[in-house]
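The values are calculated or read from the model by the stated rules, or taken from the named source; none is laboratory data. What you are looking at is a predicted structure, and each value in this text was computed from that prediction instead of being measured. Note that each Cβ is placed from the backbone with ideal geometry, even for glycine, and that neighbours are counted across all protein chains shown. With ligands, DNA and RNA removed, areas are computed over all heavy atoms of the protein, side chains included. Shrake-Rupley method; radii C 1.70, N 1.55, O 1.52, S 1.80 Å.
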Amino acid sequence: MSTLPSTHCCHTYSPLPPSSSSSSSSSSSSVSYLPSYSSAHGRLQRIAVPSTPKRFVSVKVSLQSQSVSVKNAVHMQDGPVAPVVNPIENETPLKKLKDGLFSAPSSKESKDITGFNVNENESTVSITVVGASGDLAKKKIFPALFALYYEGCLPEHFTVYGYARSKMTDAELRDMVSKTLTCRIDKRENCGEKMDQFLQRCFYHSGQYDSQEHFAELDKKLKEHEGGRVPHRLFYLSIPPNIFIDAVRCASSSASSGNGWTRVIVEKPFGRDSESSAALTKALKQYLEEDQIFRIDHYLGKELVENLSVLRFSNLIFEPLWSRQYIRNVQLIFSEDFGTEGRGGYFDNYGIIRDIMQNHLLQILALFAMETPVSLDAEDIRNEKVKVLRSMRPLQLENVVTGQYKSHVRGGITYPAYTDDKTVPKDSLTPTFAAAALFIDNARWDGVPFLMKAGKALHNKRAEIRVQFRHVPGNLYNRNIGTDLDRATNELVIRVQPDEAILLKINNKVPGLGMRLDRSNLNLHYAARYSKEIPDAYERLLLDAIEGERRLFIRSDELDAAWALFTPLLKEIEEKKIIPEYYPYGSRGPVGAHYLAARYKVRWGDVGVEQ
């Protein structure tokens, strides 16, 4: 089981080396060797069984010859124990067969001699991107897969297939994908060569999303590339939610793996409310088990969100403070400095609450506020997140402020209003900004306001968690601080993006003969501290899906609990046709958001003099 957050050990999967036969004593036997990564020592070791780790397939090989000299046993990660044996020369294939061992110079030769296809002892992963011609696939999914390949994190045998309605050849897909691939800034050697190798594993099949016949054709092509190996198949649904079910039905019936695993990654939105979400889950479960469904929220794959639990549970200074006794409020802030940019048609059907708050910010809140899990197992972590969501007070309209950006002229440039987008109705009341105060009714967080704020076309782009601690009781330095106690409040800032950092704001004496206090930052700036480039969230989540690690994916009861919080509020806003407060493009958002925070004696941390 990986740790939280996991540091993926990218195993190097080496092909089976050619076997050579030479003469030696007839009383000895020979076996084929395969390099295997030793996670304990960080180096390659030699093992006697030509198989891949169990995370891709379980393989059991019985070594029956009593003449094999066993030196020691190497434990494969999540796999069987494989004896390490001495290679003995001069052994014929017939003698090896007689001794109950096999050595395969090639799959064809092995099959000719023994009647057994050695490929059946290997596995392969076929990754099908459904909706391969879309923006998400081009900008995120294919680049993430290449990054995993470049880092050596994908299995030795893998194939990437694009599937969409657009007519396209393999060469055209590769040309499209190649335009978005980049190499790590800190590892650029052999970049072009690696790209060529990756692109040669990319193929395309055109078909309808509701056609079992077209998925059956895809299945036939996948089997050709799988070459008799144990097939594992991952389908990434990068398509609109209204065609999820058709694609899953066809993939399940016509293109699922016969004797390996089949998994499906589903992109948000997972419905528009409790009813539609439950209907989607019910329909998916007609064709898939819960453990085959990977509901992706890419914010959970971001480095600083993963580090949240490490910061809390592995540092003694924070966990004792993580409660209502010391924390005054928690702020979850998401802002973008651009508008809908042509996505207005999609966005208008959902709005900022469904698009950002109900999933991204609520998931971060659950991770932040959960109790210590029993273990780092995915189910234990998700159990604690569900408890948090079920302990939350239903959202009231009085604790919510909505807004919509309007046109604004700045620096001689006219910025458009939301309704200026041609794909948005002129009378749309869909909020592009929302702020809300949420409360968790349990012993740890009773009375602590969790303030959420999310918006488009604001003054900057950021995503961060701000933890404001309580004032120091009987502070000896109140006279030096002045009347603005908020300036003297300790604050922990976890900046998720951009320019990832963890900051702790403390009070400090300014050097000199007088007693003047200053607010200073203890700053862990990731770019300065770590030379390695931070992986994209999609890289981590795709690798987790391949490995079967589910802790960063959303379980169905999590989804139900999240929608139960927001559905009554959303229905009330739509039924009452609540008019959003208008704010200028590029501003700090509606004034009402500040009144909402002030009601709970809170000042938004991102609008002060010091941010």
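Name the residues in the stretch 485-538 that are assigned to a loop (DSSP other than H, G, I, E, B) and of a type in the set (D, E, K, R), would you?
Selection gives 499, 500, 516, 532, 533, 536.
Residue under question is residue 371, and the condition is that it be farther than 29 Å from residue 135 by Cα, free of Cβ contacts under 8 Å to residues at least 24 places away in the same chain and either in contact with a helix residue (DSSP H, G or I) (Cβ under 9 Å, 6 or more places away or on another chain) or in a helix (DSSP H, G or I) (or both); does it hold?
The answer is no for residue 371.
Would you be able to say whether some residue in the stretch 518-536 is β-branched (Val, Ile, Thr) and more than 23 Å from residue 337 (Cα to Cα)?
Here is the first cut: in the stretch 518-536, the residues β-branched (Val, Ile, Thr) are 534.
Next, from what is left, pick out any that are more than 23 Å from residue 337 (Cα to Cα): none.
Scanning the stretch 518-536, I find no residue that is β-branched (Val, Ile, Thr) and more than 23 Å from residue 337 (Cα to Cα), so the answer is no.
Matching residues to (1) surrounded by fewer than 23 Cβ atoms within 10 Å (Cβ to Cβ); (2) polar (S, T, N, Q); (3) within 26 Å of residue 232 (Cβ to Cβ); (4) without any contact (Cβ under 8 Å) to a residue 12 or more places away in the chain:
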| position | (1), (2), (3), (4) |
| --- | --- |
| 132 | no, no, yes, no |
| 145 | no, no, yes, no |
| 152 | yes, no, yes, no |
| 155 | yes, no, yes, no |
| 160 | no, no, yes, no |
| 169 | yes, yes, no, no |
| 173 | no, no, yes, no |
| 192 | yes, no, no, yes |
| 195 | yes, no, yes, no |
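Suppose we keep only residues that are open to solvent by less than 20 Å² (accessible area, probe 1.4 Å) and either assigned to a strand (DSSP E or B) or of a type in the set (D, E, K, R) (or both) within the stretch 563-607. Which one would you say is nearest to residue 466 (Cα to Cα)?
Applying the filter and picking the extreme gives 606.
For the structure I just gave you, tell me whether residue 237 is of a type outside the set (Ser, Thr, Tyr), within 27 Å of the chain's Cα centre (by Cα), surrounded by 16 or more Cβ atoms within 10 Å (Cβ to Cβ) and under 17 Å from residue 263 (Cα atoms). Give the derivation first.
Details: of a type outside the set (Ser, Thr, Tyr): yes; within 27 Å of the chain's Cα centre (by Cα): yes; surrounded by 16 or more Cβ atoms within 10 Å (Cβ to Cβ): yes; under 17 Å from residue 263 (Cα atoms): yes.
It is true that residue 237 is of a type outside the set (Ser, Thr, Tyr), within 27 Å of the chain's Cα centre (by Cα), surrounded by 16 or more Cβ atoms within 10 Å (Cβ to Cβ) and under 17 Å from residue 263 (Cα atoms).
Results for (1) assigned to a loop (DSSP other than H, G, I, E, B); (2) at pLDDT below 95; (3) open to solvent by 40 Å² or more (accessible area, probe 1.4 Å), shown as yes or no for each residue.
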| position | (1), (2), (3) |
| --- | --- |
| 357 | no, yes, no |
| 360 | no, yes, no |
| 367 | no, yes, no |
| 376 | yes, yes, yes |
| 395 | yes, yes, no |
| 426 | yes, yes, yes |
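Given the conditions (1) polar (S, T, N, Q); (2) in a helix (DSSP H, G or I); (3) more than 21 Å from the chain's Cα centre (by Cα), and given that residue 307 satisfies all but one, which numbered condition is not satisfied?
(3)
Could you tell me whether residue 206 is polar (S, T, N, Q), at pLDDT 90 or above, closer than 18 Å to residue 137 by Cβ and surrounded by fewer than 19 Cβ atoms within 10 Å (Cβ to Cβ)?
Values: polar (S, T, N, Q): yes; at pLDDT 90 or above: yes; closer than 18 Å to residue 137 by Cβ: yes; surrounded by fewer than 19 Cβ atoms within 10 Å (Cβ to Cβ): yes.
Considered against the rule, which asks whether it is polar (S, T, N, Q), at pLDDT 90 or above, closer than 18 Å to residue 137 by Cβ and surrounded by fewer than 19 Cβ atoms within 10 Å (Cβ to Cβ), residue 206 comes out as yes.
Exactly one condition in (1) assigned to a helix (DSSP H, G or I); (2) touching a residue at least 40 places away in the same chain (Cβ under 8 Å); (3) under 23 Å from the mean Cα position of the chain (by Cα) is false for residue 551; which is it?
For residue 551, the failing item is (1).
Those residues that are open to solvent by less than 30 Å² (accessible area, probe 1.4 Å) and over 25 Å from the mean Cα position of the chain (by Cα), I need them from the stretch 310-351; list them, please.
318, 322, 323, 327, 329, 344
Could you check, for the stretch 247-257, whether at least one of its residues is surrounded by fewer than 17 Cβ atoms within 10 Å (Cβ to Cβ), closer than 20 Å to residue 293 by Cβ and free of Cβ contacts under 8 Å to residues at least 60 places away in the same chain?
yes
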